[in-house]
Amino acid sequence: MVVIGLISCLPYLIAVESAFGADIDYAMLHKIYDAPMGNGDERRYSPAVCTGIELRVVQGKPNLAKASTSYVERQNLSMRMVMRRFTRLTNAFSKKVENHAESIALYFMYYNFGRIHQALRVTPAMEAGVANHVWSVEEIVGLLG
């Protein structure tokens, strides 16, 4: 079980290391799920039940009280609601991995530069100081050529 857990988190470890280097405080919160109750379709379409969590320090001295999956779960939900290709039982999938990657890139570009967020009242790029205006779809598409 531990070996499987380490193998499944390897992409995250590589991504964190390549994005932030070795000088980062990093913890990993792993949720443990059990199969949903019920039979047949009732079970198939029901969410799994979270039965516990494992919290471990991966690198540095992270504040374990602030370790959470809330931000990434919210981001994943937003992505699924906007891009139906991430929703189960749809035919909105990409046949080519390149098309899938480009769709994700366009989504994140618009999400960060072209969409005013209710809580921020500006785009995330403006809040971070990397943009000084809300980008139009024309400006985003103009980056392609």
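The values are calculated or read from the model by the stated rules, or taken from the named source; none is laboratory data. Only a predicted model underlies this, so the values are computations on that prediction, with no experimental measurement involved. No Cβ is skipped: glycine too gets one built from the backbone with ideal geometry, and neighbour counts run over all protein chains shown.
Check the range 123-133 and report whether any residue there is touching a Ser or Thr at 6+ places or on another chain (Cβ under 9 Å) and not aromatic (Phe, Trp, Tyr). Scanning the range 123-133, I find at least one residue that is touching a Ser or Thr at 6+ places or on another chain (Cβ under 9 Å) and not aromatic (Phe, Trp, Tyr), so the answer is yes. A single member of GLU54, GLU98 is modelled with pLDDT of 85 or more, among the acidic types (Asp, Glu) and surrounded by 11 or more Cβ atoms within 10 Å (Cβ to Cβ), and it is GLU54. The listed residues are GLU127, GLU73, GLU102, and the only one of them that is without any contact (Cβ under 8 Å) to a residue 24 or more places away in the chain, more than 23 Å from ILE14 (Cβ to Cβ) and assigned to a helix (DSSP H, G or I) turns out to be GLU127. For the range 56-70, the tally of residues that are among the hydrophobic types (A, V, I, L, M, F, W, C), assigned to a strand (DSSP E or B) and over 26 Å from ILE104 (Cβ atoms) stands at 1. Looking across the range 117-136 at every residue that is under 27 Å from ASN99 (Cβ atoms) and either loosely packed, with under 11 Cβ neighbours inside 10 Å or among the small types (Gly, Ala, Ser) (or both), the one that is farthest from the chain's Cα centre (by Cα) is identified as SER136. Scanning the range 76-99 for residues that are outside any helix (DSSP H, G or I) and of a type in the set (Ser, Thr, Tyr) gives THR87, THR90, SER94. Evaluation of LEU77 against the conditions (1) out of contact with any helix residue (DSSP H, G or I) (no Cβ under 9 Å at 6 or more places or on another chain); (2) surrounded by 11 or more Cβ atoms within 10 Å (Cβ to Cβ); (3) over 28 Å from HIS30 (Cβ atoms) shows that the sole unmet condition is (3). Whenever a residue of the range 46-63 is within 30 Å of ALA22 (Cβ to Cβ), its partners that are small (Gly, Ala, Ser) and surrounded by 11 or more Cβ atoms within 10 Å (Cβ to Cβ), lying with C-beta atoms within less than 7 angstrom and at least six residues away or across chains, give the pairs LEU55/ALA27; LEU55/ALA67; ARG56/ALA27; VAL57/ALA27; VAL58/ALA27; PRO62/ALA27.
Would a scan of the range 107-121 turn up a residue that is farther than 30 Å from TRP135 by Cβ and at pLDDT 85 or above? Looking for residues that are farther than 30 Å from TRP135 by Cβ and at pLDDT 85 or above, one finds none in the range 107-121, hence no.
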